Amino acid sequence: MTTPSSFAASTSSVFTDPAVQIPTFHGLKSSTSLALARHVRLFAPSASSSSSSRPLLVRAVSTPAKPGVAAEPKRSKVEIFKEHSNYIRYPLNEELLTDAPNINEAATQLIKFHGSYQQYNREERGQRSYSFMLRTKNPCGKVSNQLYLTMDDLADQFGIGTLRLTTRQTFQLHGVLKKDLKTVMSSIIRSMGSTLGACGDLNRNVLAPAAPLVRKDYLFAQQTAENIAALLTPQSGFYYDMWVDGERFMTSEPPEVAEARNDNSHGTNFPDSPEPIYGTQFLPRKFKIAVTVPTDNSVDILTNDIGVVVISDAEGEPRGFNLYVGGGMGRTHRVDTTFPRLGEPLGYVPKEDILYAVKAIVVTQRENGRRDDRKYSRLKYLISSWGIEKFRSVVEQYYGKKFEPFRELPEWKFESYLGWHEQGDGHLYCGLHVDSGRIAGKMKKTLREVIEKYNLDVRITPNQNIILTNIRSAWKRPISTVLAQSGLLHPRFVDPLNITAMACPAMPLCPLAITEAERGIPDILKRVRAVFEKVGLKYSESVVIRITGCPNGCARPYMAELGLVGDGPNSYQIWLGGTPNQMSLASTFMDKVKIHDLENVLEPLFYHWKRKRHSKESFGAFTNRLGFEKLKELVEKWDGPVLSPARYNLKLFADKDTYEAMDDLAKLQNKNAHQLAMEVIRNYVAAQHNGRTE
């Protein structure tokens, strides 16, 4: 019997045998054909057992069990919608013309490819009030001055008055009515923006470090991200047909992008198709790619289907790329066959081959990813099933070359790019923290004024923050002053817990949310800070906290030191064990912890971290070292911290009347008098400091 390890070791030689080469691909078949995917016959290595010489059939999903038998493959409903859609047009084009406030099931799936989700307010009773969320596509998080101002206007005119920065460096615009969709979409397109492919079964927004650093490696990473995004952009025109009546608003792309897209020398393309890479069926599920440089893990590199890392020579000249594959966050509660997964090394390619290598990986997923059950359709499940060796061998057939060995990399570090920094070209940039990425109220008004007045371009970070770019030195002080007055503080005046925290939107609009995330995280962070103070942790200390309303993991909670994943009303699954540089996967610690019981779990964990950690040991590393069995024992036996007498006491209130007045105000914000007083003092000091020295 061939063991998994021996089979993986043998596949490299097996795939080079001309007798078992993957045949040239001629496109996914229609629903009337035998199968959506092909099969490949592999012959096991010779052995003494006669059975080992029999052909081993390695099936792509939905291949009939018996070759030659005309059996209809099982497919998900979405696959059928795609096939009958005339390249993502029908019936969406008809549904948009009706007077109904919503669209039907098929159109709801298709509009995702156009960058939109149909939603309704789940907290309203009676007839559903439908609206649409639009998501832009901004490779590297780049947003022009014109596009930012357009999005700001659209949020007020057609949305709910807010803009949301996402964990994939894009905008989300909520609350758009169906009757306004074409106006909003066309406005974005005419401002040289796009929502095409921001959702749906295709390549999503390509991440790259948002910092506008004028350095060879950063500029090369960003250019590569833009080229990959262009390579994998749909070509059949359905987007422009729907929203601007067929008028094209496309920026020019480098000739090497078109050349790589059209190349079919290794059977990657659909001949004579308006979608040479995607065909009628596109990909089995969403596909995510990130590009970065060594050490900079601002993009959560291992959570992507493909992670691309620039490799430079000793003189700093980019020479090629390391490739990771198979990362992904989504899972289903208590279904152990679904899981978050870290990407793993695939190999190295020279810089001139990167588009061909990425295309080969995408085509391997297109051909072999499952299309029957969408829970298992991501690339991570294909690689987990096959193993990396077999996956590499198949990709090499489409790539046309062998991957070179993965290059050694230095230690990774999370970069926030908050605060003021030199760009390297004489200009400055300023990174601003935005809680949960929600730009609203006075902050929104102030950002608009600054961006418009100084004609600034911006960047969106993968941590839901925003960067103002190309700022002249003379503008630093006036910009700092007006930002501080609106609550956009220098990062040293922001609670360290908030700096790295993330949350998805969740309730009330997300149809998948089980409980709160964005609306709940402010109070949860305050409660964590209170626990820190209670157990004696310093204000400067922090842990990475990420919260999602469901297990799909949009805020990447499975990489957090403390991840809270909604698993019931007012209830969370607790994940522990991620690290500050986002290079380790957390694990499930406890299920169904009610929100009012969080302190019962967190107090003993933080208390013992404070007292038993090694020098500079992060909370995530501490939980991994102690192990969950020991941690659960500490939680179960917890009777409260052993408090040492305070060495000093800072009195904030000189009289009872002042205290009672502050306490009344604090209760309106779900705080105590001390917390509100400290917040007022910090904001005042920050404003004074920024106005005087920035």
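The values are calculated or read from the model by the stated rules, or taken from the named source; none is laboratory data. This one's a predicted model, so the numbers in the text were calculated from it and none came from an experiment. Neighbour counts are summed over all protein chains in view; Cβ atoms, including those assigned to glycine, are modelled from backbone coordinates with ideal geometry. SASA here: full protein model, heavy atoms, side chains in, ligands and nucleic acids out. Shrake-Rupley method; radii C 1.70, N 1.55, O 1.52, S 1.80 Å.
Odds and ends about this structure:
- Of the solvent-accessible surface of the chain, computed with a 1.4 Å probe over protein heavy atoms with every protein chain present, carbon and sulfur atoms account for 52 percent.
- Test item: Cα-centred dipole of the chain, Lys/Arg +1 and Asp/Glu -1 on Cβ, debye: 1020 debye
- Ranked order, C510, C554, C199 - accessible area, probe 1.4 Å, largest first: C554, C510, C199
- Area projected by the alpha carbon convex hull of the stretch 212-414, averaged over all directions, nm²: 13.2 nm²
- Normalised per residue, the volume of the convex hull around the Cα set of the stretch 419-493 (Å³): 87 Å³
- If R0 equals 22 Å, the separation of the Cβ atoms of D373 and E344 corresponds to a calculated FRET efficiency of about 0.40.
- Cross-link reach is defined here as a Cα-Cα straight distance under 17 Å, omitting same-chain residues fewer than 8 places apart; for K476 the aspartates and glutamates meeting it are E422, D425, E449, E452, D457, E694.
- Residue list for the stretch 214-258, given a label point 7 angstrom along the Cα-to-Cβ vector of M192 and an amide N cut-off under 12 Å: 250-252
- Folded to 0 to 90 degrees: helix 388-399 orientation relative to the chain principal axis, Cα: 70 degrees
- Basic side chains Lys and Arg get +1 at the Cβ, acidic Asp and Glu get -1 at the Cβ, and with that the dipole of the stretch 148-271 about its Cα centre reaches some 300 debye.
- Think of it this way: in the chain, C140, C199, C430, C510, C550 stand alone, with no other Cys Cβ under 4.7 Å.
- Here, the stretch 291-346 yields an orientationally averaged convex hull projection of 4.3 nm² when only Cα atoms define the hull.
- Degrees between helix 656-668 axis and first principal axis of the chain (Cα, 0 to 90, nearest 10): 20 degrees
- Net charge over other residues, Cβ less than 14 angstrom from the Cβ of R527 (K, R count +1; D, E count -1): -2
- Of all lysines in the structure, the ones whose alpha carbon falls short of 26 Å from that of K538, not counting any fewer than 8 places away in one chain, are K413, K526, K610, K612, K616, K630, K632, K637, K651, K667, K671.
- Most simply put, the chain has about 80% antiparallel DSSP beta bridges, counting only bridges with both residues inside it.
- Estimated FRET transfer efficiency when R0 is 56 angstrom, pair F493-N93 (beta carbons, to 0.05): 0.65
- Here the chain is treated as a sphere whose radius is the Kirkwood value from Cα pairs; by Stokes-Einstein at 25 °C and 0.890 mPa s it diffuses with a coefficient of 91 µm²/s.
- Folded to 0 to 90 degrees: helix 673-693 orientation relative to the chain principal axis, Cα: 80 degrees
- DSSP loop chymotrypsin sites (Phe, Trp or Tyr not before Pro) with at most 16 other Cβ within 10 Å excluded, longest remaining stretch of the chain: 1-248
- Quotient of the Cα radius of gyration of the stretch 499-637 and 2.2 N^0.38 Å, N being its number of residues: 0.97.
- The calculated FRET efficiency for the pair E105 and E259, based on their C-beta separation and a Förster distance of 30 Å, comes to about 0.15.
- Our helix-only sum for the chain, with -39,500 (n - 2.57) per DSSP H run of n ≥ 4 divided by its residues, gives a mean residue ellipticity at 222 nm of -10000 deg cm²/dmol.
- Longest DSSP-loop-exposure-free segment, trypsin sites (Lys or Arg not before Pro), the chain, at most 10 other Cβ within 10 Å: 249-537
- Relative contact order of the stretch 212-414, pairs being alpha-carbon contacts under 8 Å that are 6 or more residues apart, as %: 21 percent
- Accessible area of E396 in the full protein assembly, 1.4 Å probe (Å², nearest 10): 20 Å²
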